[in-house]
Amino acid sequence: MERPAWAPQGIDISVPSVSRMYDFYLGGSHNFEVDREAARKAMEFLPGLPKIMQANRAFMRRAVRYAVDQGIDQFLDIGSGIPTFGNVHEVAQAAHPGAKVGYVDHDPVAVAHSQAVLEGNDRAVIAAADLRRPKEILAHPEITGLLDLERPVALLLVAVLHFIEDADDPYGAVAELREALAPGSLVILTHAAYDGIPLSREEADGTVGVYRNIRNPLIMRTHEEIAGFFEGYEMVDPGLVSMPEWRPETPQSPEQEDPYAFSGFGGVGRKA
């Protein structure tokens, strides 16, 4: 298998990556055939996966603009993946040119590509670290050198927690990050769920099986379980809802949307 020029040395390009599969769903070009093969297999069971990812990105952009409107000019995006059009720093800095964005990912391709995209932008950085180890994120020199955690920050946990198994204590990791944030900070979060998927649970489980087979289990949590990640935050209206229902920018009725867009949940919380 030929290694593309943009692929860092030392990574196994024969193993699928969830961040590169996500890039493929969004129409990106930084993925390998092994990623495309796994993504197509997942789409055999859940053909609306690209629409779900598009709804996820649209929610993220609205939430980032909301944060800027609330006076927040610092963003910490954990599990940021491979930069695509309309990424956090583009949205935040378009709304507030002085906004600072710290990206965090553990995928070497995501980190390497982010470094290339962010070259010359002194208000955005990428740190190689893992959500499972919050202390490493909070002490990472790229993050501490850019963000002032004594001031409010918008913490983004977008489409990442459903890849953290309960055995790795995702609730503990989120709580540790929350305790490090200043009052007035926001958490912006999305999570996969069976709720809203226009298929039976048995059909959707085919996609869950694909992710399990590539050793990146997809954990489908309930609304109540996802709400648990907002402990210690006050929910911003309209609460934890399907992503198109969170502060839509147009009055488009749900009937006009692709039903897959309503799969899973998104929400924003504010630390008092």
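The values are calculated or read from the model by the stated rules, or taken from the named source; none is laboratory data. Not measured: the values here are computed from a predicted model. Cβ coordinates were reconstructed from backbone atoms using ideal geometry, including for glycine residues, and neighbour counts include every protein chain displayed. Side chains are part of the model used for accessible areas, which takes the heavy atoms of the whole protein and leaves out ligands, DNA and RNA. Shrake-Rupley method; radii C 1.70, N 1.55, O 1.52, S 1.80 Å.
Here is a yes/no grid of residues against (1) under 22 Å from residue 53 (Cβ atoms); (2) part of a helix (DSSP H, G or I); (3) free of Cβ contacts under 8 Å to residues at least 60 places away in the same chain; (4) open to solvent by 30 Å² or more (accessible area, probe 1.4 Å):
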site	(1), (2), (3), (4)
136	no, yes, yes, yes
142	no, yes, yes, yes
148	no, no, no, yes
152	no, no, no, yes
155	yes, no, no, no
176	no, yes, yes, yes
183	no, no, no, yes
Taking the stretch 243-272 and keeping only residues that are open to solvent by less than 40 Å² (accessible area, probe 1.4 Å) and under 17 Å from residue 64 (Cα atoms), one is left with 243, 244, 246, 265, 266, 267, 268, 269, 271
So residue 72 clears everything in (1) under 17 Å from the mean Cα position of the chain (by Cα); (2) modelled with pLDDT of 95 or more; (3) buried (at least 18 other Cβ atoms within 10 Å of the Cβ); (4) assigned to a loop (DSSP other than H, G, I, E, B) except one condition, right? Which one? (1)
How many residues of the stretch 8-56 are open to solvent by less than 20 Å² (accessible area, probe 1.4 Å) and assigned to a helix (DSSP H, G or I)? The answer is 12
Give the residue that is nearest to residue 272 (Cα to Cα), with candidates limited to residues of the stretch 228-237 that are buried (at least 18 other Cβ atoms within 10 Å of the Cβ) and either free of Cβ contacts under 8 Å to residues at least 60 places away in the same chain or over 16 Å from the mean Cα position of the chain (by Cα) (or both). 233
I need a count of the residues in the stretch 119-146 that are among the β-branched types (Val, Ile, Thr) and over 18 Å from residue 107 (Cβ atoms). 1
When you look at residue 125, is it within 30 Å of residue 272 (Cα to Cα), surrounded by 18 or more Cβ atoms within 10 Å (Cβ to Cβ) and in contact with a strand residue (DSSP E or B) (Cβ under 6 Å, 6 or more places away or on another chain), yes or no? yes
Inspect all residues belonging to the stretch 91-109 and state whether any of them is open to solvent by less than 60 Å² (accessible area, probe 1.4 Å) and modelled with pLDDT under 95. yes
Checked pairs for the stretch 13-39, first in contact (Cβ under 8 Å) with a residue 24 or more places away in the chain and at negative phi, second open to solvent by 50 Å² or more (accessible area, probe 1.4 Å) and acidic (Asp, Glu), C-beta under 8 Å and 6 or more apart or across chains, list as 16/37
Return the residues of the stretch 84-108 that are over 20 Å from residue 157 (Cβ atoms), part of a helix (DSSP H, G or I) and within 16 Å of the chain's Cα centre (by Cα); say none if nothing qualifies. none
